[in-house]
Amino acid sequence: MQYLKTGGFFLLFFFAFSALVFSQDSTQVSWKAVAARKADNRYELLVKGIIKKGWHVYDSNNAQDLSGIIVSIDDSLVTAGTIQYLTKSKTIADVVFENKSMQVTIDSIIFSQEIKINGQVPSAVKIKLNYETGY
């Protein structure tokens, strides 16, 4: 049976260190992340997802109202920049959407995002990652 699933995970990284590696269980995608200090109150978040064989992650530029990857931060002192994708997507005829052409990422996905802390750097920030998968 073909279906679309929305997944999410939480990333907790600590600013006391220059980097942290994190892994979170997910049914279709296994995530790891590193946060590196770039300058005062600025950090670069580098996220890599290993996608389960036979599955894919949908891009946001699809015509089916899919949002792609969304990073949410519930801290008013933290501002997130634009996601920069470091992996290329490909076009497939997706059976979930009646063989319409869809932009997806297969095998692995890597992206970076700049995070700015406005004020004193907290000891931790919770980040939520939402994405849509299909097979």
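No value in this document is a laboratory result; all are computed from the given coordinates. Keep in mind that what you see is a predicted model, and the values were worked out from it rather than measured. Please note: Cβ atoms are built from the backbone with ideal geometry, for glycine as well, and neighbour counts cover all protein chains shown.
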request  = Report, in debye and to the nearest 20, how large the dipole of region 27-125 comes out about its Cα centre when Lys and Arg carry +1 and Asp and Glu carry -1 on their Cβ.
outcome  = 380 debye
request  = Excluding residues on the same chain fewer than 8 positions from Lys100, give the aspartates and glutamates whose Cα lies under 16 Å from its Cα.
outcome  = Asp59, Asp65
note = Here FRET efficiency (C-beta to C-beta, Lys53 to Lys128, R₀ 35 Å, nearest 0.05) is 0.85
message = Quick check: Cα centre of region 72-92 to Cα centre of region 39-60, how many Å?
response = 8 Å
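Sort Val71, Val29 so that the residue with the fewest other Cβ atoms within 10 Å of its own Cβ comes first and the one with the most comes last. Could the numbers behind the result be given before it?
On the way: Val71 18, Val29 23.
Least crowded to most crowded, the residues run Val71, Val29.
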